[in-house]
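All remarks here apply to the structure that follows.
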Amino acid sequence: MPRGERLNYLAHRHPTRSPAPSGRPKTSDERRSSRYLITGGAGFIGSHLADELLQRGYAVTAIDNLSTGRLRNIAHLEGHPHFQFVRASIDDRLVLDRLASEVDVIVHLAASVPITFVSMVRTGWEPRRC
């Protein structure tokens, strides 16, 4: 789909969003209204990014399937009025499409990790020096 058609499609799909003003930087109020989606949000980096964004006044949605991320990384955010956690895979197109349509910025930190690595992490396997 050409870029112009894509923008028209998005404008039709999200009629409540006004286009970004051109020619001037966003004000602090406009920045504060930004909503973030963090894929891999229960991981080490994603959870720290969520903390920082929430402290700065942004709304944050984190999606993670918990294959390597941990709930304990985001447990302290439970009940925060501007934080939402979704336990799902980024491979789930329906969930990801819904979440992406509700945010202004997506930070992609999720990664596909080989199952052998996940098994090593869960069992506590450590490489040994020879």
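The figures follow:
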| item | result |
| --- | --- |
| Condition check for HIS80: at pLDDT 95 or above, over 11 Å from the mean Cα position of the chain (by Cα), surrounded by 13 or more Cβ atoms within 10 Å (Cβ to Cβ) and not in a strand (DSSP E or B) | yes |
| Criterion: modelled with pLDDT of 95 or more and not acidic (Asp, Glu) - qualifying residue of ALA11, ALA50 | ALA50 |
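The values are calculated or read from the model by the stated rules, or taken from the named source; none is laboratory data. A quick note: this is a predicted structure, and the numbers were derived from the prediction, not measured. Cβ sites come from the backbone with ideal geometry, for glycine too, and all protein chains shown count toward neighbours.
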